[in-house]
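A.B. asks: The structure is given below, and queries will be raised subsequently.
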Amino acid sequence: MSDYLLNLPTVFIIGLVFGIGPCTITCLPYLGPVFLSKQGGIRDSWKIILPFSMGRMCSYSALGALSGYAGESIEEIIHTPLIAWLLGGATVLVGVLIFWRSYRNKLACGSHGRPKLQDNPFLPSGLFFMGVGMAATPCAPLATIMLTAAATASTSSGFLLGFSFGVGAVLVPALVFGIGMAYFGQRIREIMQVWRSTLERASACLLIILGVGTITG
């Protein structure tokens, strides 16, 4: 690895710098509504952060490995409509699941006198594929990593480069959203407790609109 332009520590730093700024901003429209609709605050924020971050890590690692295996950058793959469909479709799915959860919990509240906040078992899968699509969205740092992985002409080296970049890229957003966004989301829900169902459904609608917009470009 030392014979190439970028080694693992350098790639990690690139990912970390990318995660501090552009990545966190890019993730906000997608994860923000999810945190506004999700109960539990900081304590349960891992239920959102973990599947989303795992999806991103898998995507970065796979792109690095594929570039290393092919011996050339496969950057053209991430410029196809498939990625927009993946990210947009997963976002729409998460929005629909949140909307359905809100509707189901309202029925439970009406039947038993108190809300039964239950998560849809498919929600983590939706968040995972949101992460996969988000990570595969074209950006200059990722293109650099893929070119470096291609230069190694090694699947394992490409995988390690993508994985190292992914660790750096997900670290800061995970902390920002897992602590900051989870905390403020909880405070907003407490303030707007009377309109909790409305807030959840508005968040779901925002995700659906964002997903459709992502698909249509």
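The values are calculated or read from the model by the stated rules, or taken from the named source; none is laboratory data. For clarity, every value in this text was computed on a predicted model and none was experimentally measured. Glycine also receives a Cβ, built like all others from the backbone with ideal geometry; neighbour counts cover every protein chain displayed.
A.B. asks: Would you mention how many residues in region 67-80 are hydrophobic (A, V, I, L, M, F, W, C), over 16 Å from residue 137 (Cβ atoms) and either outside any helix (DSSP H, G or I) or modelled with pLDDT of 90 or more (or both)?
C.D. replies: If we filter region 67-80 for residues that are hydrophobic (A, V, I, L, M, F, W, C), which is where we start, we get 70, 74, 77-78.
Checking the rest, the ones that are also over 16 Å from residue 137 (Cβ atoms) come to 70.
Right, trim to either outside any helix (DSSP H, G or I) or modelled with pLDDT of 90 or more (or both) and you get none.
Qualifying residue count for the region: 0.
A.B. asks: Moving on to the next point. Only one residue in 36, 87 is in contact (Cβ under 8 Å) with a residue 60 or more places away in the chain, within 22 Å of residue 202 (Cα to Cα) and under 12 Å from the mean Cα position of the chain (by Cα). Which one? Write out each step before concluding.
C.D. replies: Working: 36 fails: under 12 Å from the mean Cα position of the chain (by Cα).
Answer to the selection: 87.
A.B. asks: Evaluate the following for residue 147: is it under 17 Å from the mean Cα position of the chain (by Cα) and aliphatic (A, V, I, L, M)? I'd like the intermediate steps shown before the answer.
C.D. replies: Working: under 17 Å from the mean Cα position of the chain (by Cα): no; aliphatic (A, V, I, L, M): yes.
It is false that residue 147 is under 17 Å from the mean Cα position of the chain (by Cα) and aliphatic (A, V, I, L, M).
A.B. asks: If you don't mind, there's one more thing I want to ask. Which of the following residues is part of a helix (DSSP H, G or I), modelled with pLDDT of 90 or more, under 25 Å from residue 90 (Cα atoms) and out of contact with any Cys (no Cβ under 7 Å at 6 or more places or on another chain): 207, 161?
C.D. replies: Details: 161 fails: under 25 Å from residue 90 (Cα atoms).
Answer to the selection: 207.
A.B. asks: Same structure again: Can you confirm whether region 52-67 contains a residue that is closer than 23 Å to residue 202 by Cα and in contact with a Leu (Cβ under 8 Å, 6 or more places away or on another chain)? Lay out the reasoning, then the answer.
C.D. replies: At the first step, the residues of region 52-67 found to be closer than 23 Å to residue 202 by Cα are 52.
In the following step, the residues that additionally are in contact with a Leu (Cβ under 8 Å, 6 or more places away or on another chain) were identified as 52.
Scanning region 52-67 turns up at least one residue that is closer than 23 Å to residue 202 by Cα and in contact with a Leu (Cβ under 8 Å, 6 or more places away or on another chain).
A.B. asks: Let me ask something else about it. Of 173, 121, which residue is in contact with a Cys (Cβ under 7 Å, 6 or more places away or on another chain) and not basic (Lys, Arg)?
C.D. replies: Details: 121 fails: in contact with a Cys (Cβ under 7 Å, 6 or more places away or on another chain).
One residue alone meets the criteria, 173.
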